[in-house]
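Coordinate-derived values only; no laboratory data. Fair warning: this is a prediction, and the values are worked out from it, not measured in the lab. In this analysis, Cβ positions are derived from the backbone assuming ideal geometry, glycine residues included, and neighbour counts consider all displayed protein chains.
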């Protein structure tokens with residue numbers, strides 16, 4: 001993807017060359033990017049995500065968070081945090097990853113997708129503005145997590161890939177200070193280079209939102225290669241990360257049986273039967289106003305997944321539904337009872353087995369609930 005124009009507006013009228021120099025030397029949220037290559041004196045290619053935007057001097061990429069200045073690529077959001085909150089890990093949703101715990105969750109601005117039903121569009125559709133940014137140091141975020149008693153750090157709300165340069169420092173520092181886990185809630189469109197750098201910095205959990213099949217990505221999400229998403233899911237498993245997959249089932253878009261079957265088959269092929277697969281209910285948001293997903297459609301997807309071989313399918317955004325619980329795939333015993341993101345019962349043994357039949361249950365980390 002070649003980006004030929006799009007000077008970043010800093011909200012201060014016309015921008016002189018001297019002022020540009022001041023921006024790049026003074027604002028702490030503007031920092032040279034880690035993931036790019038120079039193509040010529042005035043052209044660079046961003047290698048943070050699989051869009052791989054080619055950006056001319058003065059231009060920005062698709063996500064609006066990367067700018068070429070003088071033949072160097074800069075991130076405009078280094079430590080520019082749009083939201084920060086301590087939240088249950090189940091709300092991500094992660095159901096097999098440090099159950100009962102909380103993670104300090106944070107985000108920045110913009111996105112490398114353009115989903116028309118985005119729930120957090122007030123963050124993902126907003127371009128960064130270094131002149132108004134409030135910088136958060138990695139030390140501040142880690143100290144907040146420790147002060148709140150959070151077990152983990154989680155980049156979420158909008159696409160965390162864009163914040164990777166800063167997150168690498170946060171995760172590395174967090175692990176050195178005793179934080180138990182670090183994770184992304186992502187669309188899974190980072191490059192392999194970025195994924196491996198995050199793993200090396202301490203990321204050990206990745207929840208990937210799979211939007212649907214190729215037509216869904218092209219028609220509703222700004223275009224992307226869904227095969228790269230599945231490739232990253234498989235590579236994350238190979239690298240030793242805990243992976244969970246979420247499929248937002250949208251009425252009239254990806255809720256037909258063929259698309260659901262396609263997602264299930266891809267899931268089994270790339271991440272295997274023990275990886276949790278969440279079918280989540282859509283509600284109207286942003287520019288999309290189709291009616292909410294029928295619960296019956298989600299139940300059909302759940303049953304299709306179980307029959308095809310997925311051991312741990314779930315239904316999301318239907319609080320109190322029986323399919324938000326975890327059942328032993330061997331004997332059917334209810335081993336985790338949930339109500340939304342609350343864990344009401346946790347019956348898995350300390351050695352991670354079903355208490356009734358002894359089947360090994362794939363849980364990463366220990367239960368940290370009450």
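Could the peptides 264-271, 328-335, 74-81, 249-256 be put in order, highest first, of the mean number of other beta-carbon atoms found within 10 Å of their residues?
74-81, 249-256, 264-271, 328-335
Full-extension gain between residue 225 and residue 322, please, as 0.36 nm times their residue separation minus the C-alpha to C-alpha distance.
Full extension of this stretch gives 31.5 nm more.
Sort region 45-186 into rounded, prolate or oblate with this rule: let a ≥ b ≥ c be the square roots of the eigenvalues of the Cα gyration tensor; rounded if a/c is under 1.5, and if a/c is not under 1.5, prolate when a/b is larger than b/c, oblate otherwise.
Cα axes put region 45-186 in the prolate bin.
With an 8 Å cut-off on Cα pairs and a minimum separation of 6 or more residues, tell me the relative contact order of the chain in percent.
That works out to 13 percent.
Pull out a ≥ b ≥ c, the square roots of the eigenvalues of the alpha-carbon gyration tensor of region 292-370, then state rounded if a/c is under 1.5, prolate if not and a/b is larger than b/c, and oblate in the remaining case.
oblate
So what is the orientation-averaged projected area of region 108-180, using the convex hull of its C-alpha atoms, in nm²?
Hull-based average projected area comes out at 5.5 nm².
Could the peptides 278-288, 54-64, 344-354 be put in order, highest first, of the mean number of other beta-carbon atoms found within 10 Å of their residues?
Descending mean neighbour count gives 54-64, 278-288, 344-354.
If you wrap the chain's Cα atoms in a convex hull and average its projection over all directions, what's the area in nm²?
17.9 nm²
Under the classification rounded if a/c is under 1.5, otherwise prolate if a/b is larger than b/c and oblate if not, where does region 121-162 fall, given a ≥ b ≥ c as square roots of the Cα gyration tensor eigenvalues?
Cα axes put region 121-162 in the oblate bin.
Would you kindly calculate the translational diffusion coefficient of region 126-230, applying Stokes-Einstein with the Kirkwood radius from alpha carbon pairs, for 4 °C and a viscosity of 1.567 mPa s, and quote it in µm² s⁻¹ without decimals?
Answer from the Stokes-Einstein relation: 86 µm²/s.
Can you give the log10 of the normalised intensity I(q)/I(0) at q = 0.11, 0.19, 0.20 Å⁻¹, computed with Debye over equal Cα scatterers of region 232-370?
Taking Cα atoms of region 232-370 as identical point scatterers yields -0.43, -1.20, -1.29.
Return the calculated 222 nm mean residue ellipticity for the chain, to the nearest 500 deg cm²/dmol, obtained by summing -39500 (n - 2.57) across DSSP H runs with n ≥ 4 and dividing by the residue count.
-8000 deg cm²/dmol
Which residue fluctuates most in the GNM of the chain (Cα springs below 10 Å): 39, 144, 298?
Most flexible of the set in this elastic network: 39.
So in the chain, what percent of DSSP beta bridges are antiparallel if you round to the nearest 5?
50 percent
Do you know the relative contact order of region 47-110, to the nearest whole percent, from alpha carbon pairs under 8 angstrom that are 6+ apart?
Reported relative contact order: 25 percent.
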